Amino acid sequence: SGPEGNKHLADVRARLIPDKARNGIEMLYVPMAFDVQPSGFRAQYYDLMGEKAIANGLITPDETYRVSGDPILPRRPVASPLAGIKY
């Protein structure tokens with residue numbers, strides 16, 4: 001059980017190992033966590049480095065990220081609907 005009374009896994013460590021990278025990568029694995037969702041309904045992966053970067057203000061995700069475990073997607077520019085019109 002966690003501090004809020006929800007059940008958690010005893011060991012939440014997880015690693016994602018990239019199979020291939022076109023230009024090589026510095027990290028041999030991506031540190032993750034695998035734990036029960038706050039609702040306690042199912043388990044999921046948590047991006048530890050991504051969430052730490054958000055907390056430190058290094059990245060600003062789009063509105064899909066609200067709480068820990070949500071998808072962390074970059075903000076994308078919105079195209080003007082008039083961008084392709086030429087007079």
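Just wondering, is there one or more residues in the stretch 6-16 that are surrounded by 13 or more Cβ atoms within 10 Å (Cβ to Cβ) and modelled with pLDDT of 85 or more? Yes, there is a match, as at least one residue in the stretch 6-16 is surrounded by 13 or more Cβ atoms within 10 Å (Cβ to Cβ) and modelled with pLDDT of 85 or more.
Is it fair to say residue 21 is part of a loop (DSSP other than H, G, I, E, B) and open to solvent by 50 Å² or more (accessible area, probe 1.4 Å)?
No: the conditions fail for residue 21.
Of everything in the stretch 58-69 that is under 17 Å from residue 12 (Cβ atoms) and surrounded by 14 or more Cβ atoms within 10 Å (Cβ to Cβ), the residue that is nearest to the chain's Cα centre (by Cα) is 69.
Please find, among 55, 79, 33, 83, the residue that is surrounded by 14 or more Cβ atoms within 10 Å (Cβ to Cβ) and among the aliphatic types (A, V, I, L, M).
33
The values are calculated or read from the model by the stated rules, or taken from the named source; none is laboratory data. Remember, predicted model here, so these are calculated numbers, not experimental data. Every residue, glycine among them, receives a Cβ derived from its backbone with ideal geometry; neighbour counts consider all protein chains shown. Just so you know, the surface numbers come from the protein's heavy atoms only, side chains and all, with ligands and any DNA or RNA stripped out. Shrake-Rupley method; radii C 1.70, N 1.55, O 1.52, S 1.80 Å.
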